[in-house]
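The values are calculated or read from the model by the stated rules, or taken from the named source; none is laboratory data. Quick caveat: nothing in here was measured; it's all calculated off a predicted structure. Methodologically, a virtual Cβ is constructed for each residue, glycine included, from the backbone with ideal geometry; neighbour enumeration extends over all protein chains shown. All accessible areas refer to the heavy atoms of the entire protein, side chains included, with ligands and DNA or RNA removed. Shrake-Rupley method; radii C 1.70, N 1.55, O 1.52, S 1.80 Å.
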Amino acid sequence: MNIQEPGGAGATRRVRLADVAAAAGVSTSAASFVLNGRTDQRIPEETKERVRRAAEELGYRPNATARTLRTGTSGAYAFVSDFISSTSVANAMVRGALRELDAHGALMFAVETQGNADMERRLIEQLVDRHIDGVIYASMFTRHVAIPELPAGVRLVLLNCLPPAGVADRGVTAVVPDELGAGRAAAQVLLTAGHRDRIAFLGSFPDGMSGGQEWGGLHPLALDLRVQGITARLAESGLALAESIPVTGWDVADGQAAAETLVGAALPSAIICANDRLALGVMRALRRYGVRVPEDLSLVSFDGSQLADITDPPLASLALPLEGMGRHAALRVLEDAPSPTVELLPMPLGRTGTIAPPPLP
């Protein structure tokens, strides 16, 4: 709210702390103590309520610059990501962080760099100039990242990414999904259903290829960790993957093309797909050739995207806890001194409509 200035046609000014104090009938210092939540002064509760009511009626907003000078903190944080904001699924991380920070009365600036290092540097410099208290530095998929340079006192939490080896010892906190545990869970659900020596994995990259072209060939750690979890759990039961089927991309068309090469040969009893899009492609191809899921072939996948709910039957998928990851990162960056640790969030298994015992020989 603005206050009308006397003598000037339409002249207004911003509501000041002194205006609130005058309306409440208290000193400016008393109004400041109340509105800043100070408890080191004995002010009657009735007076506090009068000050709050006056501030609300006048539409008083504290001066952010003054608060920063007074307290050394701004209550503002930055969410810096590569491709997350423009990615329909991954942006749940932004939503989770925003909701958690808002619940704590903090402000969040969200910016996206599209993986451009120069743009990232400029954006972070501009955000630091606005006296942010901390940065949530996030990646669209789990990978190692170079740690951004921040002034002393600006907290840093990595979200869905990890620092290079040794950096964690300098106080970096990371929040990532438990991909290794999810791989073990994918193998376990098939073992429990009775599958043994005819389990295949779909989604590895061919030799010489480290990642999809869409993301500039950057290597997602999720792939290796998921496969490690699968193979480790199978090995504990004296088993191994029957085969690993490579793809050049993780989209529906790639899954469909890969599945078509299997039809007519000896089908595996189960396929673990690297993500839901591949699994949807497999289901499309198998249905076209009369192969039933899960009666003839079981499917398990990762990500827990909306695709897992719209398939028929519903796809068994280990879900990325994206919003929860955002919330956890926000809680860590709010801490005065985030502990240097890697926090693993579980990936729960949703529906199991595409899992059944293996078909009889």
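Yes/no matrix, rows are residues, columns are (1) modelled with pLDDT under 85; (2) open to solvent by 20 Å² or more (accessible area, probe 1.4 Å):
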{"site": "79", "(1), (2)": "no, no"}
{"site": "82", "(1), (2)": "no, no"}
{"site": "88", "(1), (2)": "yes, yes"}
{"site": "93", "(1), (2)": "no, no"}
{"site": "102", "(1), (2)": "no, yes"}
{"site": "116", "(1), (2)": "no, yes"}
Considering each of 267, 297, 315 in turn, give the residue that is surrounded by 24 or more Cβ atoms within 10 Å (Cβ to Cβ) and more than 27 Å from residue 221 (Cα to Cα). 297
Being over 20 Å from residue 227 (Cα atoms) and either among the aliphatic types (A, V, I, L, M) or open to solvent by less than 40 Å² (accessible area, probe 1.4 Å) (or both): is that true of residue 338 here? yes
Qualifying residues in region 104-114 (those that are part of a loop (DSSP other than H, G, I, E, B) and either without any contact (Cβ under 8 Å) to a residue 60 or more places away in the chain or touching a Cys at 6+ places or on another chain (Cβ under 9 Å) (or both)) - the one least open to solvent (accessible area, probe 1.4 Å): 113
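Of the residues that sit in region 15-27 and are under 12 Å from residue 60 (Cβ atoms) and not small (Gly, Ala, Ser), which one is most open to solvent (accessible area, probe 1.4 Å)? Don't jump to the end; show me each part of the working.
Step one: list which residues in region 15-27 are under 12 Å from residue 60 (Cβ atoms), which gives 15-24.
With not small (Gly, Ala, Ser) added as a condition, the list becomes 15-17, 19-20.
Working: 15: 5, 16: 126, 17: 40, 19: 25, 20: 0 Å².
Applying the filter and picking the extreme gives 16.
Give me the residue from region 32-47 that is more than 40 Å from the chain's Cα centre (by Cα) and open to solvent by less than 100 Å² (accessible area, probe 1.4 Å) and, out of that set, modelled with the lowest pLDDT. Show your work before the answer.
Here is the first cut: in region 32-47, the residues more than 40 Å from the chain's Cα centre (by Cα) are 41-47.
Now restrict to residues that are open to solvent by less than 100 Å² (accessible area, probe 1.4 Å): 41, 43-44, 47.
On the way: 41: 69, 43: 83, 44: 86, 47: 86.
So, considering only residues that are more than 40 Å from the chain's Cα centre (by Cα) and open to solvent by less than 100 Å² (accessible area, probe 1.4 Å), the one modelled with the lowest pLDDT is 41.
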Does at least one position in region 90-99 carry a residue that is of a type outside the set (Lys, Arg), out of contact with any Leu (no Cβ under 9 Å at 6 or more places or on another chain) and more than 22 Å from residue 343 (Cα to Cα)? no
Among (1) more than 14 Å from the chain's Cα centre (by Cα); (2) under 18 Å from residue 323 (Cα atoms) - the single one residue 163 does not satisfy: (2)
Return only the number of the condition from (1) open to solvent by less than 20 Å² (accessible area, probe 1.4 Å); (2) of a type outside the set (Gly, Ala, Ser); (3) within 30 Å of residue 196 (Cβ to Cβ) that residue 333 does not satisfy. (3)
When the residues of region 250-264 are filtered to those that are at negative phi and surrounded by fewer than 18 Cβ atoms within 10 Å (Cβ to Cβ), which remaining residue is modelled with the lowest pLDDT? 263
Would you kindly identify the strands (runs of 3 or more DSSP E) lying entirely within region 255-361 that contain at least 3 residues that are within 16 Å of residue 200 (Cβ to Cβ)? 270-273, 298-303
Assess whether residue 128 counts as being open to solvent by 20 Å² or more (accessible area, probe 1.4 Å) and in a helix (DSSP H, G or I). yes
Mind checking which residues of region 246-278 are in contact (Cβ under 8 Å) with a residue 40 or more places away in the chain and within 23 Å of the chain's Cα centre (by Cα)? 250, 273, 274, 275, 276, 278
